[in-house]
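**Q** Submitted below is the structure of interest, expressed as structure tokens.
The values are calculated or read from the model by the stated rules, or taken from the named source; none is laboratory data. Owing to the predicted nature of the structure, the values given are computational and were not obtained by experimental measurement. Please note: Cβ atoms are built from the backbone with ideal geometry, for glycine as well, and neighbour counts cover all protein chains shown.
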Amino acid sequence: MIPFTIDGQSVEGKEDGNVLEVALDAGIEIPNLCYHESVKPYGACRLCLVEVVRNGRSRMTTSCTYPVQKGIEVLTRSEKVLRARRMMIELILAMCPGDTLIQTMAEEMGVTEVRFKKEEKDCILCGLCARVCDEVVGAHAIQFASRGDRREMVPPFAGEAMNCIACGACVVVCPVNVIGMKEQGDERTILRWNRTLKLKKCKVCGNTFAPWFQLEKFREQAKLPKDFYDTCYTCRS
């Protein structure tokens, strides 16, 4: 374990760890929107900015992408850090002014007015949905498209999300809950990607439990028997 300090508190982190995860494990609050322990750090929202002092020199950096290093001093609430975070949350609030989570975070940081042009979007472009789809699920069903204020998260070539297996992982990790999932009858729909797939019925209890496409992909990846998903988890256990 590698020793360093956060706000004067002695902490230790793994060699391949980052400052944000060590801080959160130690109960030190650092705001963030695009971080999730299941995927690689991305630093998109920039709300987890901290000041790192090393060898007498300081720099501002995103704590989720800054690696644990011996002897560094991390400041999470310096005036420089708080000022930068207020700017970032104000920009996000201008982009998505109607989101209650963003409104709450902005209020907690002391931002009550927006000086920038409001865009009335709902997606904060954190990239969590695409990263979990790529790195965890392996479906590669969605991606960033365009640049600047036209940047958005869409299926490849802005067409139908043909690779989406309707597993719902993107729905779970989205911090602002804008993707959405609906089950009706024997179908599941991922609303934002307009992807609807049939659900498989358990041969024992008769209940639907997951999309056929999802189960077949997982079965092939794990090289499981063809009848492995004929029954649901409850009936198998």
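**Q** Might you check whether a residue that is part of a strand (DSSP E or B), polar (S, T, N, Q) and outside the structural domain of Arg151 (by TED's automatic domain parsing) occurs anywhere in the stretch 71-87?
**A** No - not one qualifying residue is present in the stretch 71-87.
**Q** Pick from Ala44, Ala23: which is farther than 20 Å from Cys123 by Cβ, hydrophobic (A, V, I, L, M, F, W, C) and under 21 Å from the mean Cα position of the chain (by Cα)?
**A** The unique qualifying residue is Ala23.
**Q** With respect to the numbered conditions (1) free of Cβ contacts under 8 Å to residues at least 60 places away in the same chain; (2) closer than 28 Å to Met60 by Cβ; (3) surrounded by fewer than 19 Cβ atoms within 10 Å (Cβ to Cβ), which one is the sole condition not fulfilled by Cys129?
**A** Here Cys129 meets the rest and fails (3).
**Q** Suppose we filter the stretch 70-86 for residues that are β-branched (Val, Ile, Thr) and over 26 Å from Ile2 (Cβ atoms); how many remain? Steps first, answer last, please.
**A** At the first step, the residues of the stretch 70-86 found to be β-branched (Val, Ile, Thr) are 72, 74, 76, 81.
Now narrow it down to the ones that are over 26 Å from Ile2 (Cβ atoms): none.
Residues that pass the stated criteria total 0.
**Q** Now for a different question. What are the residues in the stretch 63-85 that are out of contact with any helix residue (DSSP H, G or I) (no Cβ under 8 Å at 6 or more places or on another chain) and closer than 21 Å to Met109 by Cα, if any?
**A** Answer for the stretch 63-85, where residues must be out of contact with any helix residue (DSSP H, G or I) (no Cβ under 8 Å at 6 or more places or on another chain) and closer than 21 Å to Met109 by Cα: Arg77, Ser78, Glu79, Lys80, Val81, Leu82, Arg83, Ala84, Arg85.
**Q** OK, next. Return yes when Ile92 is crowded, with 18+ Cβ neighbours inside 10 Å and under 28 Å from Phe218 (Cα atoms) and no when it is not.
**A** When the stated conditions are applied, Ile92 does not pass them.
**Q** May I ask you to list pairs of residues, at least six apart or on different chains, whose Cβ atoms are under 9 Å apart, with the first in the stretch 22-45 being farther than 25 Å from Gly138 by Cβ and at pLDDT 95 or above and the second being assigned to a loop (DSSP other than H, G, I, E, B) and β-branched (Val, Ile, Thr)?
**A** Close Cβ pairs satisfying both conditions: Val22/Ile28; Val22/Val68; Ala23/Ile30; Ala23/Thr76; Leu24/Ile30; Ile28/Thr76; Glu29/Thr76; Ile30/Thr76.
**Q** Looking for whichever is farther than 22 Å from Cys167 by Cβ and either at pLDDT 95 or above or in the same structural domain as Arg85 (by TED's automatic domain parsing) (or both) here; the options are Glu108, Glu120, Glu135. Which one fits?
**A** The unique qualifying residue is Glu108.
**Q** Confirm whether Thr104 is part of a loop (DSSP other than H, G, I, E, B), without any contact (Cβ under 8 Å) to a residue 60 or more places away in the chain and within 19 Å of the chain's Cα centre (by Cα).
**A** When the stated conditions are applied, Thr104 does not pass them.
**Q** Would you call Gly8 among the small types (Gly, Ala, Ser), more than 27 Å from Val176 (Cα to Cα) and either touching a Ser or Thr at 6+ places or on another chain (Cβ under 7 Å) or surrounded by 15 or more Cβ atoms within 10 Å (Cβ to Cβ) (or both)? Break it down into steps so the answer makes sense when it comes.
**A** Values: among the small types (Gly, Ala, Ser): yes; more than 27 Å from Val176 (Cα to Cα): yes; either touching a Ser or Thr at 6+ places or on another chain (Cβ under 7 Å) or surrounded by 15 or more Cβ atoms within 10 Å (Cβ to Cβ) (or both): no.
No, not satisfied.
**Q** Hey, another quick one. Identify, please: which residue in the stretch 133-174 is closer than 24 Å to Glu119 by Cβ and of a type in the set (Asp, Glu) and is, among those, surrounded by the most Cβ atoms within 10 Å (Cβ to Cβ)?
**A** Out of the qualifying residues, it is Glu152.
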